[in-house]
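Engineer: Here's a structure for you.
The values are calculated or read from the model by the stated rules, or taken from the named source; none is laboratory data. Computed from a predicted model, the values in this text were never measured in an experiment. Note: ideal-geometry Cβ built from the backbone for every residue, glycine included; neighbour counts use all protein chains shown.
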Amino acid sequence: MNTHDAPSYRTPSSFVTFRLARLQSSLNAQGTALLKSKAGLSLVEWRLIQTLRMFKNASLTEIADHVQMDKGQLSRKIKSMVEKGLLSANTDKHDQRVQHLALTPKAEQLSAQIMPFMEARQQRLLADVSPEDLEVFYRVVDKIEAASKYRGVE
């Protein structure tokens, strides 16, 4: 048998996508448990609060682009957060279809309350990672993310 013609039987863990998905799942479970226990927030709520800390008065479209989330799903989550008193939504004066989102004092307080725990988590995650390794990791992730934009068929 010609070994060049044999199909590849790679293990799932030899695929970068599998490893990243497994890591993401584990990190999401860890983050969810921490956020629920300390502040009663979901991971998506936390990410949206932190995004709106950076992009004050952002629109749904701007947030969706930044967090790479489906606009329909994001719209439902934002509605829920408005109902919980975490966000305010104000209609744009020039375009009634656009709503600008802002954090409420309640969300700001929750963010300040939980940030020390999230910072400690970050430190635990990176405790055995050198600054040089972290820099390489971020460069590699950037390259993989850029390559993931390709949608052609090979």
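Engineer: If you go through region 31-44, how many residues are over 21 Å from Leu125 (Cα atoms) and either in contact with a Lys or Arg (Cβ under 9 Å, 6 or more places away or on another chain) or of a type in the set (S, T, N, Q) (or both)?
Structural biologist: The qualifying residues number 0.
Engineer: While we're here: Considering only region 13-22, I want to know if a residue exists there that is at pLDDT below 95, in a helix (DSSP H, G or I), out of contact with any helix residue (DSSP H, G or I) (no Cβ under 7 Å at 6 or more places or on another chain) and farther than 24 Å from Glu145 by Cα.
Structural biologist: No, because not a single residue in region 13-22 is at pLDDT below 95, in a helix (DSSP H, G or I), out of contact with any helix residue (DSSP H, G or I) (no Cβ under 7 Å at 6 or more places or on another chain) and farther than 24 Å from Glu145 by Cα.
Engineer: While we're on this one: Please work out which residue is nearest to the chain's Cα centre (by Cα), limiting yourself to region 10-40 and to residues that are of a type in the set (A, V, I, L, M) and within 21 Å of Val140 (Cα to Cα).
Structural biologist: Ranking the qualifying residues of region 10-40, first place goes to Leu27.
Engineer: Considering (1) more than 24 Å from Leu23 (Cβ to Cβ); (2) not in a helix (DSSP H, G or I), say which one Arg76 fails and leave the rest.
Structural biologist: Here Arg76 clears every test but (2).
Conditions tested, residue by residue: (1) more than 24 Å from Leu27 (Cβ to Cβ); (2) touching a residue at least 60 places away in the same chain (Cβ under 8 Å); (3) of a type in the set (A, V, I, L, M, F, W, C); (4) buried (at least 17 other Cβ atoms within 10 Å of the Cβ).
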| position | (1), (2), (3), (4) |
| --- | --- |
| Arg47 | no, no, no, yes |
| Met54 | no, no, yes, no |
| Val67 | no, no, yes, no |
| Ser80 | no, no, no, no |
| Lys93 | yes, no, no, no |
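Engineer: So, one more: Would you be able to say whether some residue in region 81-94 is part of a helix (DSSP H, G or I) and over 13 Å from Ile49 (Cα atoms)?
Structural biologist: yes
Engineer: State the number of residues belonging to region 130-151 that are of a type in the set (Phe, Trp, Tyr) and either assigned to a helix (DSSP H, G or I) or at pLDDT 95 or above (or both).
Structural biologist: Qualifying residue count for the region: 2.
Engineer: Restricting to region 52-83, count the residues that are at pLDDT 95 or above and hydroxyl-bearing (Ser, Thr, Tyr).
Structural biologist: Counting residues in region 52-83 that are at pLDDT 95 or above and hydroxyl-bearing (Ser, Thr, Tyr) gives 1.
Engineer: Which one of these does Leu34 not meet: (1) buried (at least 17 other Cβ atoms within 10 Å of the Cβ); (2) free of Cβ contacts under 8 Å to residues at least 60 places away in the same chain; (3) in a helix (DSSP H, G or I)?
Structural biologist: The single condition Leu34 does not satisfy is (2).
Engineer: Criterion first (among the polar types (S, T, N, Q) and modelled with pLDDT under 95) does Asn90 satisfy it?
Structural biologist: yes
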